Amino acid sequence: MEAVYRNFKIIVVEDSEKMGVLAAGQFAKQIASKPSSVIGLATGSTPLSTYKNLIALCGRGEIDFKSVTSFNLDEYYPIKKSNTQSYDYFMRDNLFNYINIAPENIFIPDGEADDAERACWDYEVLIKNAGGIDLQLLGLGNNGHIGFNEPCDAFPKATHCVTLDESTIEANARFFDSAADVPRQALSMGIGTIMDAKHILLLISGAAKADIARKVLFGDITPKVPGSVLQLHRSVTVILDEGAAEQAMSYL
Ligand code: GLP
């Protein structure tokens, strides 16, 4: 089903497979209308089906990444690119190695930088110099975070170094040998960076996120639920699977 709720175009699909088809289709449309699009990408398990579909579309020549530039939302800090848990590795392993994007057009915050603050500033400048992000893909953390913008007292504006929440460390420990191995910090686009994107595509998957999905889409706009700021963006498409949409349905 499809509904418009204030600034949100909300689409509810059966499962994450259908979510991936639809989300990849949005990227195909964006890149067909502007081959030199600047896209913003995300990590986590939610976008995996989107990436599978993008790889398939690219393989069939239905999407061409040749002139596309990409910026990832975030990266652990510190972390080596060669670490299989780095977002750099994740993106190569799940997308970049299988599509025709030019390596020099791929940007991910530098988890290996000596000077984190400098790396964050440089990242903001790179995004601005690329002309800003045309289409930004977002997942949603269990605590409502977008990128690694954790619940806090004020929305962080620009790319910055974050101390991860204990709940995020626990949630992401499933990918590491143990919670102790999860880096305690991350470099993340700020809320301001994300809000500057021309279009946003938010994906929310699984019944475990039904409650936070409702808060993000229909609750108070507060930095305690970082994703709620998207209620103030001009152009947001939200795709939820049936599990994640459970509590949202009564608003639609
Ligand atoms: C990480 C990422 C987020 C992502 C979140 C949810 O914390 N920094 O960008 O949205 O995980 O991940 P998942 O899709 O696996 O639930």
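The values are calculated or read from the model by the stated rules, or taken from the named source; none is laboratory data. Note that the structure is a prediction, hence the values are computed from the model and not measured. Note: ideal-geometry Cβ built from the backbone for every residue, glycine included; neighbour counts use all protein chains shown. Just so you know, the surface numbers come from the protein's heavy atoms only, side chains and all, with ligands and any DNA or RNA stripped out. Shrake-Rupley method; radii C 1.70, N 1.55, O 1.52, S 1.80 Å.
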Q) Which residue pairs have Cβ atoms closer than 6 Å, lie 6 or more positions apart in sequence or on different chains, and pair a first residue in region 125-150 that is in contact (Cβ under 8 Å) with a residue 40 or more places away in the chain with a second residue that is part of a loop (DSSP other than H, G, I, E, B) and among the polar types (S, T, N, Q)? A) 134/37; 139/46
Q: Read through the list (1) open to solvent by 20 Å² or more (accessible area, probe 1.4 Å); (2) free of Cβ contacts under 8 Å to residues at least 24 places away in the same chain, then give the number of the only condition that residue 164 fails.
A: (1)
Q) Of all residues in region 2-22, which are of a type in the set (D, E, K, R) and in a strand (DSSP E or B)? A) 2, 9
Q.
Show the residue pairs meeting these rules: Cβ distance below 7 Å; 6+ apart or different chains; first residue within region 181-198 and modelled with pLDDT of 95 or more; second residue small (Gly, Ala, Ser) and in a strand (DSSP E or B).
A. 197/40
Q: Please verify whether region 133-151 includes one or more residues that are modelled with pLDDT of 95 or more, more than 16 Å from the ligand (Cβ to nearest atom) and closer than 17 Å to residue 38 by Cβ.
A: yes
Q.
All but one of (1) surrounded by fewer than 18 Cβ atoms within 10 Å (Cβ to Cβ); (2) over 19 Å from the mean Cα position of the chain (by Cα); (3) of a type outside the set (Asp, Glu); (4) farther than 14 Å from residue 229 by Cα hold for residue 154; state the number of the condition that does not hold.
A. (4)
Q. Limited to region 29-55, what total is found for residues that are open to solvent by 20 Å² or more (accessible area, probe 1.4 Å), part of a helix (DSSP H, G or I) and farther than 30 Å from residue 173 by Cα?
A. 4
